[in-house]
Amino acid sequence: MRKASRIGRLAAIVTTLLVVGYLLLTLRGVAPAWQTMARTVGAVAAVAWYLLTSRIVQRIALEWLKSRRP
């Protein structure tokens, strides 16, 4: 369980950094009047991405590690 959690966190951190980079590049083109709203939505999306990715990868890793045991 501990190993699956570690794998899930690592995958979530790496993919979240990629998503944040994409959001930073994409949100540059937003009109100045909408910058605050765009940043807020981007931040919420990044947090949601991290949480979902962590849980999904953790579950997959747990099942994979269970199947490897004799």
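Placing unit charges on each Cβ (+1 for Lys and Arg, -1 for Asp and Glu) gives region 2-68 a dipole about its Cα centre, and among T26, A43, L10 the Cα reaching farthest toward its positive end belongs to L10. Please state the charge dipole magnitude for region 2-68, taken about the Cα centre, from unit charges on C-beta atoms (+1 on K and R, -1 on D and E), reported in debye and rounded to the nearest 20. Dipole about the Cα centre, nearest 20: 420 debye. Please find, in a Gaussian network model of the chain (springs between Cα atoms separated by less than 10 Å), the residue of A43, A33, A11 whose mean-square fluctuation is greatest. Looking only at A43, A33, A11, the biggest GNM fluctuation is shown by A33. Here Cα Rg over 2.2 N^0.38 Å was calculated from the structure, and among (i) 1.38; (ii) 1.01; (iii) 1.46 it sits at label (iii). For region 33-39, the Karplus equation 6.51 cos²θ - 1.76 cosθ + 1.60, evaluated at θ = phi - 60°, returns couplings of 5, 9, 4, 5, 5, 5, 5 Hz by residue, with Gly and Pro reported as x. Residue-wise HN-Hα couplings along region 15-27, as the Karplus relation 6.51 cos²θ - 1.76 cosθ + 1.60 with θ = phi - 60° gives them from phi, are 5, 5, 4, 5, 5, 5, x, 4, 5, 4, 5, 6, 7 Hz; Gly and Pro carry x.
Evaluating 6.51 cos²θ - 1.76 cosθ + 1.60 at θ = phi - 60° for every residue in region 44-53, the Karplus couplings come out as 5, 5, 5, 5, 4, 4, 4, 5, 5, 4 Hz, glycine and proline recorded as x.
Every read-out reported here was derived from the displayed coordinates using simple, explicitly stated rules and does not represent laboratory data. All values reported here derive from a predicted model rather than from experimental measurement. Note: ideal-geometry Cβ built from the backbone for every residue, glycine included; neighbour counts use all protein chains shown.
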